[in-house]
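Working notes for the structure below.
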Amino acid sequence: MIEIRDFESLGHADHGWLDARHHFSFGQYHDAARMGWGALRVWNDDRIAPKTGFPPHGHRNMEIVTFVRKGAITHRDHMNNEGRTKAGDVQVMSAGKGVRHEEWNLEDEETTLFQIWIETNRPGIAPRWEQAAFPEGTREGKLARLASGKPDAPAGALWIAADAEILGATLAAGNAVTHETGKERYLYLVPSKGSVTVNGVHVPERAGAAIRDVEKLVIEATEDAEIVLVDIPPATN
């Protein structure tokens, strides 16, 4: 099963400083048919105006992964972590037993990013935050594991407290990559740039492809493209 969620069908909230699209129910946007996908609970496509951001707020028992598409985001939290994550790079926050943080676009340009929330399989752990650079060359023509809770995760992949993986690739038009997984797994794919086909099904830029009961994906770029793919288990509750 491959279900396409067109960009125009996503939830939309324009706060002026923040223009957000929601792949799943979030905030004031509620769609009973889009409450999550397996253990994936949130996929927000955010545009953040320069010199603005999210003031201090809290989270608990969620793995929050941020993939920056353009510009940069600056993170601060109650554990005295602070860091700037720029375009193409990734940050991970395990909210665990509780974290309070803030995120700001301190740049002179708009920042765009995907923020992805995944249910943890280790509730109540100590909260943590880290980031890593993923230059386009490390993702060119192949699926690179950006974050993973798998025991065989490669060096360089950010750790998450979940039975899940976040993968990314940049593909020249006509090039393809494959991803094999268990049939019981749930997958969600979004092209952050360009468009692709997944097992022959067209996925436009910034649309979502909700996939299950598929053991092998063949992802082919119909134009120069960048993709983010999440491989997650069924919902835990």
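No value in this document is a laboratory result; all are computed from the given coordinates. Please read these numbers as outputs of a predicted model, since none were measured by experiment. Neighbour counts are summed over all protein chains in view; Cβ atoms, including those assigned to glycine, are modelled from backbone coordinates with ideal geometry.
Report the antiparallel proportion of the DSSP beta bridges in the stretch 123-219 as a percent, rounded to a multiple of 5.
So the antiparallel bridges in the stretch 123-219 amount to around 85 percent.
For the chain, which span is the longest to avoid every loop-located (per DSSP) member of GluC sites (Glu not before Pro) having at most 13 other Cβ atoms inside 10 Å?
Of all site-free stretches, the longest is 1-108.
If you average the alpha carbon positions of the stretch 1-23 and of the stretch 132-196, how far apart do those two centres end up, in angstrom?
22 Å
Restricted to Cα positions, what overall size does the stretch 1-146 have along the principal axes? Three whole-Å values, descending.
Answer, in whole Å and largest first: 40, 37, 36 Å.
With no solvent and one point on each alpha carbon, what is the Debye value of log10 I(q)/I(0) for the stretch 38-116 at q = 0.25 Å⁻¹?
-1.29
Step through the table entries K70/K216; K150/K183; K51/K86; K150/K216; K86/K150, compare each Cα-Cα distance with 21 Å, and write down the pairs that go over it.
Among K70/K216; K150/K183; K51/K86; K150/K216; K86/K150, the Cα-Cα distance tops 21 Å for K70/K216; K86/K150.
On alpha-carbon atoms, Rg over Rh for the stretch 131-237 using Kirkwood Rh?
Ratio of gyration radius to Kirkwood radius: 0.95.
Specify the residue with the greatest mean-square fluctuation among L217, L143, L171, computed from a Gaussian network of the chain linking alpha-carbon atoms under 10 Å apart.
Comparing L217, L143, L171 in the GNM, the peak value goes to L217.
Suppose the chain between A132 and H78 were pulled fully straight at 0.36 nm per residue; how much longer would it get relative to their current alpha carbon spacing?
Details: separation 54, 0.36 × 54 = 19.44 nm, distance 2.02 nm.
Residue separation times 0.36 nm, minus the Cα-Cα distance, leaves 17.4 nm.
Output needed: percent of Cα pairs per 10 Å distance bin for the stretch 88-148, bins running from 0 to the one holding the longest distance.
Over the stretch 88-148, the share of Cα pairs per 10 Å bin runs 16, 42, 32, 10 percent.
What's the magnitude of the charge dipole for the stretch 1-118 around its Cα centre, counting Lys and Arg as +1 and Asp and Glu as -1 at the beta-carbon? Answer in Debye, nearest 20. Display every interim value, and only then the final one.
Details: 14 positive and 18 negative charges, 86 e Å.
It works out to roughly 420 debye.
For the pair A153/W17, report the inter-label distance in nm, with labels modelled 7 Å from Cα in the Cβ direction.
Distance between label points: 3.1 nm.
Put +1 on the Cβ of every Lys and Arg and -1 on every Asp and Glu Cβ in the chain; which of V65, G194, L10 then has its Cα farthest towards the positive end of the dipole?
V65
For a label point 7 angstrom out from the Cα of N121 toward its Cβ, which stretches of the stretch 203-237 have the backbone nitrogen within less than 12 Å?
232-236
Output the relative contact order of the stretch 172-213, whole-number percent, from Cα pairs under 8 angstrom with separation of 6+ residues.
The normalised contact order for the stretch 172-213 reaches 41 percent.
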